[in-house]
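Each remark here refers to the structure printed beneath this line.
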Amino acid sequence: MTEATTKLVATPGQTIGPFYGYALPFEKGHELVHRAHPGSIRLHGVVTDGHGEPIPDSMLEIWQADEHGKISRQDGSLVRDDHTFTGWGRVAVDNVGHYTFTTVNPGPTEEGKAPFILLTVFARGLLNRLFTRIYLPEDAEALANDPLLSSLPEERRRTLIAEREANGDLRFDIRLQGDNETVFLSYPGA
Amino acid sequence: MSAETQAESFENSHVLDPAATADSQETINKEIGDIHAAYRQGVEAGGSEETQPRIDFAPYRSSLLRHPTKDLHHVDPETIELWSPAFGHRDVHALESDLTIQHNGEPIGERIIVQGKVLDGDGRPVRGQLVEIWQANAAGRYVHKRDQHPAPIDPNFTGVGRCITGDDGSYKFTTIKPAPYPWKNHHNAWRPAHIHFSLFGTDFTQRMITQMYFPGDPLFSLDPIYQSITDQKARDRLVATYDHSITSHEWNTGYNWDIVLTGSNRTWMEDEDAE
Ligand SMILES: [Fe+2]
């Protein structure tokens, strides 16, 4: 890391508000790969509030490595030619707070690292975006060695690990508040 | 609307005007004032200055059930977190930065240019990155099916723009000055005029969505979204500056607004920096 002498103060964030639906979501935004892509999976779940009610006006973005753990430097996310893997996706949840991405399981970016998908949450009523990680559930040893996960008590740690469904899909629910509230992250310089 | 809210309004169905049950602007002002006063006392007592909005800010009623109650968990960014998706001219056409030419006729309203730079916390320009904006029209109406404000839709204005930043981090949009619009947070609530901005940095941890405001808006002190930023200096960072050098003769007025993202945590190679 360079000597991080931060000279400028960051501009504040604000809520995405209710009216992004005609502006930000785009065709196939949730398809990081085509559904026919070998090894494609569905990543899905529900966004809920402090009463456990679904939030119908939330937008999510994911950013991840490909199945070999390679981080894409390709542009073309917004045009979705169905063969360029850019690693980034965006989706607006539906009326019952449910979201679906079509993607691949990210590979470990380094030998022995627990693979995860980075997730950003925006919503009306949420004054600033939230970050979290969606860990794949399989590699128990890598998960046990992960610095973030091992710094959390078990009931909090659980909220970051996706559930693998029988058909290979990943389930990851996002609870903004209350019981089993998802762990959200902050980073240096924020 | 949640099932609970629906049940509540059913039970209260004898109340003809739903707004009659809503809080007054005075109530909201008092709540904002109390939170700000407590914040200033804290700073005077040696507390640190805030630079971002509170996510737990009750005067903005929709935030009540939508903010995490536990502290954000601090983590050192790794791998994917140190990179951002790439966007380029394959993704965005140059004409998408002009919101006044998307239809057959000229939109109604004050034509403006909004321009500035996207920088990281070390002052490095954020090059070749995606900037997206969306906004209401000159009457305060969005082209969105959930916007029920009875103000006219302008057939010549959609209110969506995109661009890719230049080598110096610069962006530039030609658009129409949006008007304030009413919302349902409390009785007779109005948002100050604003343009929504969506930004990417070099690290995905810099991802942000915010709102740009216009100088001197009389609604600032009344707006719980703007006032969720407790620090005046931080609030000022969301207000553009009128810049006569951007204004052009018999055509448009102009505003400048620079955006600073949180610091990059990536290891910057010298050549990358100078690229
Ligand atoms: Fe708005």
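Among the residues of region B:212-225, just one is more than 10 Å from chain A (Cβ to nearest Cβ) and either buried (at least 23 other Cβ atoms within 10 Å of the Cβ) or within 12 Å of the ligand (Cβ to nearest atom) (or both), namely B:ASP223. Step by step: first the residues of region B:143-170, then only those that are acidic (Asp, Glu) and at pLDDT 95 or above, then the one that is farthest from the ligand (Cβ to nearest atom). Which residue is that? Here the residue is B:ASP167. Selection of region A:142-164 for residues being touching a residue at least 12 places away in the same chain (Cβ under 8 Å) and surrounded by fewer than 17 Cβ atoms within 10 Å (Cβ to Cβ) yields A:ASN145, A:LEU152, A:GLU155, A:ARG156, A:ARG158, A:GLU163, A:ARG164.
Of everything in region B:187-242, what is among the hydroxyl-bearing types (Ser, Thr, Tyr), under 15 Å from the mean Cα position of the chain (by Cα) and within 26 Å of B:THR253 (Cβ to Cβ)? Give them in sequence order. Scanning region B:187-242 gives B:SER198, B:THR210, B:TYR213, B:TYR226. All of (1) crowded, with 17+ Cβ neighbours inside 10 Å; (2) within 23 Å of B:GLU106 (Cβ to Cβ); (3) within 14 Å of the ligand (Cβ to nearest atom) hold for B:ILE209 with one exception: (2).
Restricting region A:94-135 to residues that are more than 13 Å from every other protein chain (Cβ to nearest Cβ) and not hydroxyl-bearing (Ser, Thr, Tyr) leaves a set whose member that is surrounded by the most Cβ atoms within 10 Å (Cβ to Cβ) is A:PHE101. When region B:174-200 is limited to residues that are more than 10 Å from chain A (Cβ to nearest Cβ) and more than 16 Å from the ligand (Cβ to nearest atom), the one that is surrounded by the most Cβ atoms within 10 Å (Cβ to Cβ) turns out to be B:HIS186.
For region B:118-142, the tally of residues that are within 11 Å of chain A (Cβ to nearest Cβ), away from the ligand (no atom under 12 Å from the Cβ) and over 15 Å from the mean Cα position of the chain (by Cα) stands at 9. Here's a check for you: in region A:11-32, which residue that is buried (at least 22 other Cβ atoms within 10 Å of the Cβ) and more than 16 Å from the ligand (Cβ to nearest atom) is nearest to the other protein chains (Cβ to nearest Cβ)? Among residues in region A:11-32 that are buried (at least 22 other Cβ atoms within 10 Å of the Cβ) and more than 16 Å from the ligand (Cβ to nearest atom), the one nearest to the other protein chains (Cβ to nearest Cβ) is A:THR11.
Does B:SER62 satisfy the criteria of being of a type in the set (Gly, Ala, Ser), under 22 Å from the mean Cα position of the chain (by Cα) and part of a helix (DSSP H, G or I)? In short, yes. Scanning region A:139-184 for residues that are closer than 16 Å to A:VAL121 by Cβ and in a helix (DSSP H, G or I) turns up A:THR159, A:LEU160. Filtered by the rule that a residue be closer than 20 Å to A:ALA23 by Cβ and surrounded by fewer than 19 Cβ atoms within 10 Å (Cβ to Cβ), region A:77-91 gives a lone residue, A:VAL79.
The values are calculated or read from the model by the stated rules, or taken from the named source; none is laboratory data. Everything numeric in this text was worked out from a predicted model, so none of it was measured. Using ideal geometry, Cβ is built from the backbone for each residue, glycine included, and neighbour counts are taken over all protein chains shown.
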